[in-house]
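Novice: Below you'll find the structure I mean.
The values are calculated or read from the model by the stated rules, or taken from the named source; none is laboratory data. Note that the structure is predicted; figures quoted are calculated from it, not measured. Counting neighbours? That spans all protein chains shown, and the Cβs are built from the backbone with ideal geometry, glycine included.
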């Protein structure tokens, strides 16, 4: 009889009760072990390894024990997964479909102890999908209920958890003052009002020997026992100082999304003083940008873009009437002159002589880089912060990103703050590497800088650059597509003109009809030029479409 090696997988969404001698994970494992023992006559054998995920939601596949289990399945060490209920494995229909494909490829399967159905039949598969639909619905309703509760509680000024800010200590559903740390906060505000410059404030704080709050966090490794670790107790960084100066918590207020409410906790800084500091910060930021660039419409990525040879791009511009067009240009083109640029248009982008000749429209490039950063932050919302952060902090972080990226009507609007987060951009044919500044990223997202996961501050995204005549077109990341809207429009117009030509109309008559209907001027020469597109082979037309 063939042995079927069974691995028990257990999961619990919250950490509540996990410190008990017999918790929910133990109860799940005991029920699964008893079921495996009852199937001994079928050759079922229980593996000794534990695959337990405590305090992790079923809405994500990024769970240490689950990933370790899937790796063991790929290596042929496990034949069957045994769970107490199907929602212990996943609460997402999309994730479950991926999981089933993964198990099928490894010739493995799964069993739910309390839900008996046969997935080899259509009725069994329907039953499974119904159960998963309800599991996903329950998770989404719970999430909505939690969001509504957090919103209502913050409107009342209650502290809803997360990393306790320096200057305070937890006191039930509110905060109480830590006088020693509160004095540090007052010193920071006094120094900023005196100097009006965060760099000078940091220098003075270093002289005074002021250090950040010491915190104890719990590390939950994928293998082994969880343990305590101390972080903080280091000199304040500029990003951390900015975070403190812009945090309304110190004025006795609570922030929720874009709204600030009066809090129930005591203030460290007088609210009027806090408001004055915010105005001073904005005024100093505008003054610094003007001093650096000397222009209102400055190049936001000045000094941050590099080509494949490690050379910085140089900002450039041209004027047509009163309009000013900005560009980022390869430095050697500025150094050697742009006179050779027009002769290189017929070559593939990036392949003139031995160096790449980049000349990128600045506004379009900046917008696409900002959208790529936003896309990266949203997709990696559960990975950008260290693993010890709470679900509420992740939700607050995601809401901050959305408030920076979208207007109230849902339209995309990229703010200058995105470009302050950028440390370096490395551009080459086919891809672009973006490196974010950890301190600035934490500041813009209103996150404690010590909670940022440094591994995700560098990421690659596809970069597509095409030239058609003198026109340069490029796309970045998820915005890349092979669809050419202008070419498709011209093709459609060409077939329309061809039908008119077949009906007996002359090019001049076609021009008159078109100009009258569209209120747009076109020449007979242009009509004859476009009609050639209607003579393309069908397979070429299909590829264009």
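Novice: Where in the range 45-124 are there helices (runs of 4 or more DSSP H), lying fully within it, with 1 or more residues that are in the same structural domain as residue 27 (by TED's automatic domain parsing) and under 24 Å from residue 1 (Cβ atoms)? Lay out the reasoning, then the answer.
Specialist: Numbers: elements: 64-74, 86-89, 93-105.
Filter on the range 45-124 gives 64-74, 93-105.
Novice: Please give the helices (runs of 4 or more DSSP H) falling wholly within the range 485-537 in which 3 or more residues are closer than 30 Å to residue 475 by Cβ.
Specialist: Values: elements: 485-502, 507-518, 524-531.
Counting at least 3 such residues, we get 485-502, 524-531.
Novice: While we're looking at this one, here's another question. Check whether at least one residue in the range 466-477 is within 30 Å of residue 258 (Cα to Cα), in contact with a strand residue (DSSP E or B) (Cβ under 8 Å, 6 or more places away or on another chain) and either at pLDDT below 80 or not in a helix (DSSP H, G or I) (or both), and report yes or no. First the steps, then the outcome.
Specialist: So the first thing to find is which residues in the range 466-477 are within 30 Å of residue 258 (Cα to Cα), and the list is 476-477.
With in contact with a strand residue (DSSP E or B) (Cβ under 8 Å, 6 or more places away or on another chain) added as a condition, the list becomes 476-477.
Next cut, either at pLDDT below 80 or not in a helix (DSSP H, G or I) (or both) only: 476-477.
Checking the range 466-477: at least one residue is within 30 Å of residue 258 (Cα to Cα), in contact with a strand residue (DSSP E or B) (Cβ under 8 Å, 6 or more places away or on another chain) and either at pLDDT below 80 or not in a helix (DSSP H, G or I) (or both).
Novice: Now for a different question. Being at pLDDT below 90 and touching a strand residue (DSSP E or B) at 6+ places or on another chain (Cβ under 6 Å) is the filter; apply it to the range 16-33 and report the residue that is surrounded by the fewest Cβ atoms within 10 Å (Cβ to Cβ).
Specialist: 18
Novice: Quick test for you: out of 181, 144, pick the one residue that is out of contact with any strand residue (DSSP E or B) (no Cβ under 7 Å at 6 or more places or on another chain), crowded, with 16+ Cβ neighbours inside 10 Å and either outside the structural domain of residue 31 (by TED's automatic domain parsing) or not in a strand (DSSP E or B) (or both). Walk me through it before giving the result.
Specialist: Working: 144 fails: crowded, with 16+ Cβ neighbours inside 10 Å.
None of the other options fit; the residue is 181.
Novice: Sticking with this structure for a sec: Evaluate the range 118-131: report whether one residue or more is buried (at least 16 other Cβ atoms within 10 Å of the Cβ) and under 25 Å from the mean Cα position of the chain (by Cα).
Specialist: Checking the range 118-131: not a single residue is buried (at least 16 other Cβ atoms within 10 Å of the Cβ) and under 25 Å from the mean Cα position of the chain (by Cα).
Novice: Hey, can you tell me all the residues within the range 233-277 that are surrounded by fewer than 14 Cβ atoms within 10 Å (Cβ to Cβ), within 31 Å of the chain's Cα centre (by Cα) and either in a helix (DSSP H, G or I) or free of Cβ contacts under 8 Å to residues at least 60 places away in the same chain (or both)?
Specialist: 233, 234, 235, 259, 275
Novice: Against the definition (touching a helix residue (DSSP H, G or I) at 6+ places or on another chain (Cβ under 9 Å), farther than 18 Å from residue 138 by Cβ and buried (at least 16 other Cβ atoms within 10 Å of the Cβ)), how does residue 82 come out, yes or no?
Specialist: Details: touching a helix residue (DSSP H, G or I) at 6+ places or on another chain (Cβ under 9 Å): yes; farther than 18 Å from residue 138 by Cβ: yes; buried (at least 16 other Cβ atoms within 10 Å of the Cβ): yes.
The answer is yes for residue 82.
Novice: I would also like to ask the following. Let me spell it out: the conditions are (1) surrounded by fewer than 16 Cβ atoms within 10 Å (Cβ to Cβ); (2) at pLDDT 90 or above, and residue 41 meets all of them except one. Which number is the exception?
Specialist: (2)
Novice: May I ask you to verify whether residue 202 is closer than 27 Å to residue 283 by Cβ and touching a residue at least 12 places away in the same chain (Cβ under 8 Å)? Quick ask: steps written out before the conclusion?
Specialist: Numbers: closer than 27 Å to residue 283 by Cβ: yes; touching a residue at least 12 places away in the same chain (Cβ under 8 Å): yes.
Yes; evaluated as a whole, the condition is true for this residue.
Novice: Just wondering, is there one or more residues in the range 207-214 that are at pLDDT 85 or above, assigned to a helix (DSSP H, G or I) and under 26 Å from residue 272 (Cβ atoms)?
Specialist: yes
Novice: When residues of the range 479-501 are filtered for being modelled with pLDDT under 85 and over 18 Å from residue 538 (Cα atoms), how many remain?
Specialist: Qualifying residue count, the range 479-501: 6.
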